[in-house]
Structure formats: C-alpha cells, structure tokens
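**Q** Sharing a structure with you now.
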C-alpha cells in the first residue's frame, strides 16, 4: 500500500478536496476545532474570496470562510 502524504490545504485550488489529517499550529487548531473543523472531516475548496483575504470552504455539510494562515495549518490527505 503506498504512503499517503499530507499537504497544506492552502496549496489547493478551487474544486479540490480531501480529508483533514491534522493541524500544524496549536493556537489555530483550537479555533478551528471550535468552529467545527475536525480531523477526519471532508474539506472542499469552494472559491477564493475577493482580494485574497479569505477562502470559502465546505467542511462536511457546512460552509465557512477561512484566512490563508488558517488554511495553511490544515493538513489534507
């Protein structure tokens, strides 16, 4: 079985999806867990917000807007 490598969600473009593996920043992880972003959830990039300020993502059945720094600490497999 091949090794599945994790990559940061900020490297994704609109339409790409994957399963949340882990977080790389403990401070941001607490905030993400509070809003329902959990390891094992399915994440899909919906679109980039105007002026690059935020990204709209769908996590399981919920839509949220995340800053690029928050998206960068989410590792996807």
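The values are calculated or read from the model by the stated rules, or taken from the named source; none is laboratory data. Since this is a predicted model, take the numbers as computed values, not measurements. Because the Cβ atoms are built from the backbone with ideal geometry, glycine has one as well, and the counts that use them run over all protein chains shown.
**Q** Which residue is surrounded by the fewest Cβ atoms within 10 Å (Cβ to Cβ), if the candidates are limited to the range 44-59 and must be modelled with pLDDT under 90 and in a loop (DSSP other than H, G, I, E, B)?
**A** Going through the qualifying residues, I end up with 53.
**Q** What do you reckon, is residue 52 at positive phi and touching a strand residue (DSSP E or B) at 6+ places or on another chain (Cβ under 9 Å)?
**A** Against the criterion (at positive phi and touching a strand residue (DSSP E or B) at 6+ places or on another chain (Cβ under 9 Å)), residue 52 does not qualify.
**Q** Shifting gears a bit: When the range 14-43 is examined, which residues are found to be under 15 Å from residue 70 (Cα atoms), surrounded by fewer than 16 Cβ atoms within 10 Å (Cβ to Cβ), without any contact (Cβ under 8 Å) to a residue 40 or more places away in the chain and under 11 Å from the mean Cα position of the chain (by Cα)?
**A** Result: 38, 39.
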